[in-house]
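One structure below.
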Amino acid sequence: MNRTLKIDGLEVSLKKENKRVVILREINLSIGKNESFALAGESGSGKSMTAMSIMQLLPKNISATKGEICLLGKNVLSMNEKELQNIRGTDVGMIFQEPSSYLNPLFTVGAQIEEAIKDKTISKRDRVMEILEEVELKNSVYYQYPHQLSGGMQQRIMIAISLVNSPALLIADEPTTALDVTTAYGIIELIKKMMATHGLSVMFITHDISLAASFVKRIGIMYAGRLIEISDAQNILSKPLHPYTEKLVGCLPERYTPGDKIKTIEGTVPNFHNLPTGCPFHPRCIYKKNICTIKEPTETIIEGTVVRCFRYENSYKNS
């Protein structure tokens, strides 16, 4: 596969009072050229931290301590700050769920898109007009301020800023969370169009598995800083293997008829400072056995699905 992104054995840790607390552990994933991939899971599972690791925009007390993050064949973990600045926006762009928090209210959106352009040999104004057309906004938006735009238009401006330098990878961190259903659908359709037009690869971060499955090829499920299952999007919905994935899919509202009580997952995602021993999901798992409380499961491949669960290892069956 011609990979845009490949992460091998990534570990990210928080340094606190001369101690290190592991936040992300053994993250392995890849995204091919023009492929859409989603990271899904509850809040606090490590999805956004994974994205920030790719961009190397982590807080000063958090850093990658193991592994590699190869973007277009280059390991970002070995780059200095100048090299990182060169790839941000050029090789990889990122959009967020609250565009109003990232747009400067004191400058027109045209000026803010121009500021993001790195190519000094082109007419910045012409390039802005071109990208505004691509994200389906009128030229007049160039002269407007963020507060004059709707939430959906602000998100389109964020997409324009992220793609104005034609990066190979777009990281979309819950870009539809603050939007109504119709506007959110328009943003998803726009991302799909940009993929088709530019051969763009996309990492889509979400808590909504059904939304992800509506347009991504593969989904990775995260829990407590671990990637616990990776499979084709439709397999995740129809044949979830990990007990956590099974419960997430079981909570989807569209699987119920009016009047039914929607199931929830009992308990909460554990705090990184106080993870349970063994498999981090075992306190909430109905299938747990003794080994689950002692050891962490390793990756197992079942019919193309990568899963971390002792249910698919001989050691579980014999415990």
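The values are calculated or read from the model by the stated rules, or taken from the named source; none is laboratory data. Since we're looking at a predicted model, the values are computed, not measured. Because the Cβ atoms are built from the backbone with ideal geometry, glycine has one as well, and the counts that use them run over all protein chains shown.
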Just give me the residues in the range 130-149 being surrounded by 17 or more Cβ atoms within 10 Å (Cβ to Cβ) and either modelled with pLDDT under 95 or not aromatic (Phe, Trp, Tyr) (or both), in sequence order. Ile131, Leu132, Glu134, Val135, Leu137, Val141, Pro146, Leu149
So, of the residues in the range 204-253 that are within 21 Å of Tyr185 (Cβ to Cβ) and hydroxyl-bearing (Ser, Thr, Tyr), which turns out to be nearest to the chain's Cα centre (by Cα)? Thr206
Criterion violated by Glu68 - all others in (1) in a loop (DSSP other than H, G, I, E, B); (2) of a type in the set (D, E, K, R); (3) touching a residue at least 24 places away in the same chain (Cβ under 8 Å) satisfied: (1)
Got at least one residue in the range 246-260 being under 20 Å from Arg25 (Cα atoms) and surrounded by 16 or more Cβ atoms within 10 Å (Cβ to Cβ)? no
Please identify the pairs in which a residue from the range 30-44 that is part of a loop (DSSP other than H, G, I, E, B) has its Cβ atom under 7 Å from the Cβ atom of a residue that is small (Gly, Ala, Ser) and modelled with pLDDT under 95, counting only partners at least 6 apart or on another chain. Lys33/Gly199; Asn34/Gly199
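Which of the residues that make up the range 261-288 are of a type in the set (Ser, Thr, Tyr) and either within 14 Å of Glu246 (Cβ to Cβ) or in contact with a His (Cβ under 8 Å, 6 or more places away or on another chain) (or both)? Spell out how you get there, then give the answer.
Narrowing the range 261-288 to residues of a type in the set (Ser, Thr, Tyr): 264, 268, 277, 287.
Scanning the range 261-288 gives Thr264, Tyr287.
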Residues being surrounded by fewer than 17 Cβ atoms within 10 Å (Cβ to Cβ) and either assigned to a loop (DSSP other than H, G, I, E, B) or polar (S, T, N, Q) (or both) - total across the range 73-121: 21
Return the residue satisfying two criteria in turn: it lies in the range 154-189 and is within 21 Å of Gln144 (Cα to Cα) and among the polar types (S, T, N, Q), and of such residues it is modelled with the lowest pLDDT. Thr183
